[in-house]
1. Probe radius 1.4 Å, ligands and nucleic acids ignored: give me the carbon and sulfur share of the accessible area of the chain as a rounded percent.
2. Packing-wise, with mean Cβ within 10 Å as the measure, how do 60-69, 214-223 rank, highest first?
3. Could you compute the net charge surrounding Ile39? Neighbours are other residues with a C-beta less than 10 Å from the C-beta of Ile39; K and R count +1, D and E count -1.
4. Whose amide H sits under 5 Å from the amide H of Asn209, counting only residues 5 or more places off or on another chain, with H placed in the peptide plane?
5. From the backbone phi of segment 159-166, what are the Karplus-calculated ³J(HN,Hα) couplings (6.51 cos²θ - 1.76 cosθ + 1.60, θ = phi - 60°) in whole Hz, Gly and Pro given as x?
6. Roughly speaking, what is the stretch gain from Arg64 to Val238, that is 0.36 nm per residue apart minus the C-alpha to C-alpha distance, in nm to one decimal?
7. What is the set of long-range amide H partners of Arg137 at a cut-off below 5 Å, with H atoms built 1.01 Å from backbone N?
8. Please list the non-local residues whose amide H lies under 5 Å from the amide H of Val40, H modeled 1.01 Å from N, same-chain partners needing a gap of 5 or more.
Amino acid sequence: MTDAAHRVDRLWPDPAAEIDLDEAMAAFALPEPPPDRPIVAINMVTSIDGRAQLEGTAEGLGSRADRRLMRLHRAAFDAVGSGAGTLRTAGLWLRVGDDLAERRVAEGRPRNPTGVLIAGTGPVPTDAGWFSGDEPRILLVGRDNPMRSAPPGTELLRAPDERPDPRWLLGQLMERGIGSLLLEGGPHINAAFLEHDLIDEVYWTVGANLLGTDALQMIAPIDGGSPYAREPRRAHLVSVLRHDDELFMRYRLSG
Ligand SMILES: NC(=O)c1ccc[n+]([C@@H]2O[C@H](COP(=O)([O-])OP(=O)(O)OC[C@H]3O[C@@H](n4cnc5c(N)ncnc54)[C@H](OP(=O)(O)O)[C@@H]3O)[C@@H](O)[C@H]2O)c1
């Protein structure tokens, strides 16, 4: 008997009805990372009309099943990161929850993925809950960021540029033994990674709602114009799950 709040139909591949989301995700595995950097995925929820914010946060766009899926995705990664814009506007909680933490420990992995926060020149609210967990945390800031030290338990890394260049950032993570990074937005950080063609997978939840607002989309317009404006970056559909009226899609860009 599956919990109705987490029940899904697998639409593609290998269709199956009424399965538990955890079971549907049991075989989830990341592809091999490229030789020179960690593998990178983004995880976002939007409305049908593609908006990634509802009154300034992602709250209310997805269901309980989407929140469970988010944790299941996190559990598969070495690090889970976000841009400072999301921390400033919506707060951040990037852990997996007790049951998945225990599963990770049983697999010989740390309870939670390493937390990664990416800021440029702006303020970083160090009183935020993100700084209080016992998982390792890395805060990457731009060259001129006024921050001089991070709270205990957080490693502060200063980029050589005004904003951390995604490739430099991935090099820093790789030096620390991190082989996979799940980015949970926001749209501007996603855009910086897309600009450098550094997104390998996209996990996209389409919540069954329409907004008609001018809220940010999953990926903000790339500063200075997109390299894909004429030749779109093609993706392959890996899987589709359905929960009630909501869709969970996985796309792969590499390979
Ligand atoms: N629907 C979803 O799934 C979802 C997921 C996440 C967030 N959100 C929503 O998205 C909104 C926040 O998104 P956002 O796009 O404003 O913020 P963001 O992408 O979380 O963070 C943007 C900030 O990252 C810093 N940054 C560091 N390196 C950068 C680079 N190379 N390029 C661009 N920025 C860089 C900059 O900080 P400085 O200002 O310090 O320079 C910039 O202001 C919130 O409303 C949040 O709720 C939705």
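The values are calculated or read from the model by the stated rules, or taken from the named source; none is laboratory data. All of these numbers come straight from a predicted model, not from anything done at the bench. Here the Cβ positions follow ideal geometry from the backbone for every residue, glycine too, while neighbour counts run over all protein chains shown. Please note that ligands, DNA and RNA were not included when accessible areas were found on the heavy atoms of the full protein model with its side chains. Shrake-Rupley method; radii C 1.70, N 1.55, O 1.52, S 1.80 Å.
1. 52 percent
2. 60-69, 214-223
3. -3
4. Residues meeting the amide H criterion: Ile48.
5. Working through the residues one at a time gives 6, x, 10, 4, 10, x, 5, x Hz.
6. 60.4 nm
7. Gly115, Glu155
8. Under 5 Å from the amide H of Val40 lie the amide H atoms of Leu181, Asp200, Glu201, each far enough along the sequence or on another chain.
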